[in-house]
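Read through the structure below, which is laid out as structure tokens, and then see the notes.
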Amino acid sequence: MSDYKLLINGALVEGDKTMDVVNPATEEVLAQAPRASEAQLNAAVAAAKAAFPAWSKTPMAERKAALTAIADTIQANVQDIARILTQEQGKPLADAMGEVFGASAFFRYFTMLDLPVKVLDDSPNRRVEARRKPLGVIGAIVPWNFPLILMAFKVPAALLAGNTIVLKPAPTTPLSTLRIGALIKDLLPPGVLNIIADAGDLGAAMTAHPDVRKISFTGSTETGKRVMAGAAEALKRITLELGGNDAGIVLADNDPKEVAPKLFQSAFQNSGQVCIAMKRAYVHNSIYDAVCDELARLANEAVVGDGLEQGTQFGPLQNKMQYDKVMGLIEDAKSHGKVIAGGVPVEGKGYFIKPTIVRDITDGTRLVDEEQFGPVLPVIRFEDDLDAVSRANNSPYGLGGSIWSSDLDKAHALAERMDTGTVWINKHAELAPNIPFGGAKMSGLGTELGEEGLAEFTQLHIINMAR
């Protein structure tokens, strides 16, 4: 019997098969996870569909109470969940605890929102109301870099709006999500929230399922294209939060010693496995050498190791495939730039890569043009601010970006020119549950978080009445 179970129709059940979950710090099997079959996926969708009529009519106050109970339960079990998260994902335990607390806070945030009726016209001749109705069954697909916080981008908003859900965590990081499912299974009516785990083989079936009304997907751009194609047959709603190649533009008026630690954290949080991490740093020529030196110093001082070990700042890459990809990009970059920190494999077990800084590299190289999603930062020289923005925009991606300057007016003017969903000034990769988040270009479709993100889990319903 597995210690972890699927959650289908309010019951914890074994998968039809099992699969290994590997600890990326040790390369050893951490646990056997249940692996759902397509029949179990269909059962989960059927349970969600059956639960929808009653849940969609449940008073908003009761739905909020359920979200509050879930938030309380997650928070009460933070240490247990965080330890599982560190072992399956790799991040340091303190970061894992922050993610669990964050997930709880996101559930709590959505209890403060409502979906009020908006009166668009109340004239002698007519009354027009804009209402928000739930869609039905939501398929939520979550990646492996932040399994819990990204789950909390989707689940509380979908539930508050009156939808029911089938949630599918990533194949390599299902355990912390399944653990939460076991803790909260009695806090919602059966079928309202179902959690299945797979080996990466059920996404297409979920996307194409005729009873799933919307897919909310976070992951790579290539997989997002397949999700969009799979949803097209039924014209079902989709939200896609996809890859990014975020640029940070560091103007000449920065103090290298002050700005470098902020750039470093923006690039290397979660070992660079962040969709909105700074993945390209454009630094003005006048401070270029000094900023590179400071970044290299920080990289050389970084403590890389098992996330359960005290003092670890950066854990391993989450899986072997990603490790191999990043190492390949580093090797390619050695032919186009100069590695001034890191850049070599870490001996022993685990998918560890030390923070790597590459200077004297430019656009048109793989490391600059592709999304590395790992602990390596190319630092690119520029002379003209507008040229730097143009080069940053010359990418198929448009998730986020940042401008760094003591002149806020200049920074704001440049931020307006950035072709991204979010632009930060003097910071990078900051998210909050009340701030809408979404990508431009090939970084996605739709919006998550905030009132706008909640609305995306609804159908706009207009009642236009003559008087």
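Laid out as a table, the results:
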| quantity | calculated |
| --- | --- |
| Any chance Ile180 is within 17 Å of Thr68 (Cα to Cα) and in contact (Cβ under 8 Å) with a residue 40 or more places away in the chain | yes |
| Per-region count, the stretch 326-362, residues part of a loop (DSSP other than H, G, I, E, B), under 18 Å from Asn23 (Cβ atoms), touching a residue at least 24 places away in the same chain (Cβ under 8 Å) and not aromatic (Phe, Trp, Tyr) | 3 |
| Set Asp16, Asp20, Asp3: member being acidic (Asp, Glu), in contact with a strand residue (DSSP E or B) (Cβ under 6 Å, 6 or more places away or on another chain) and open to solvent by 60 Å² or more (accessible area, probe 1.4 Å) | Asp20 |
| Sole residue being of a type in the set (S, T, N, Q), on the phi < 0 side of the Ramachandran plot and part of a helix (DSSP H, G or I), chosen from Thr86, Thr18, Thr58, Thr26 | Thr86 |
| Unmet requirement for Asp114, which otherwise passes all of (1) in contact (Cβ under 8 Å) with a residue 40 or more places away in the chain; (2) surrounded by 15 or more Cβ atoms within 10 Å (Cβ to Cβ) | (2) |
| Any hit, the stretch 290-306, residues being in contact (Cβ under 8 Å) with a residue 60 or more places away in the chain, among the hydrophobic types (A, V, I, L, M, F, W, C), open to solvent by 40 Å² or more (accessible area, probe 1.4 Å) and in a helix (DSSP H, G or I) | no |
| Of all residues making up the stretch 313-325, the number that are assigned to a loop (DSSP other than H, G, I, E, B) and open to solvent by 20 Å² or more (accessible area, probe 1.4 Å) | 2 |
| Exclusive hit being buried (at least 20 other Cβ atoms within 10 Å of the Cβ) and at pLDDT 95 or above, set Leu408, Leu386, Leu431, Leu399 | Leu399 |
| The stretch 89-117, residues that are polar (S, T, N, Q) and in a helix (DSSP H, G or I) | Gln89, Ser104 |
| Among the residues listed as Ile84, Ile74, the single one being touching a residue at least 40 places away in the same chain (Cβ under 8 Å) and open to solvent by 10 Å² or more (accessible area, probe 1.4 Å) | Ile84 |
| Total residues in the stretch 135-186, condition part of a strand (DSSP E or B) and either over 21 Å from Val13 (Cβ atoms) or open to solvent by 10 Å² or more (accessible area, probe 1.4 Å) (or both) | 2 |
| Which numbered condition Trp424 fails, given (1) assigned to a helix (DSSP H, G or I); (2) over 30 Å from Ile138 (Cα atoms); (3) under 18 Å from the mean Cα position of the chain (by Cα) | (1) |
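The values are calculated or read from the model by the stated rules, or taken from the named source; none is laboratory data. Note that the structure is predicted; figures quoted are calculated from it, not measured. Every residue, glycine as well, gets a Cβ built from its backbone with ideal geometry; the counts of neighbours run over all protein chains shown. Ligands, DNA and RNA are stripped out before the accessible areas are found, and what is left, the full protein with its side chains, is counted by its heavy atoms. Shrake-Rupley method; radii C 1.70, N 1.55, O 1.52, S 1.80 Å.
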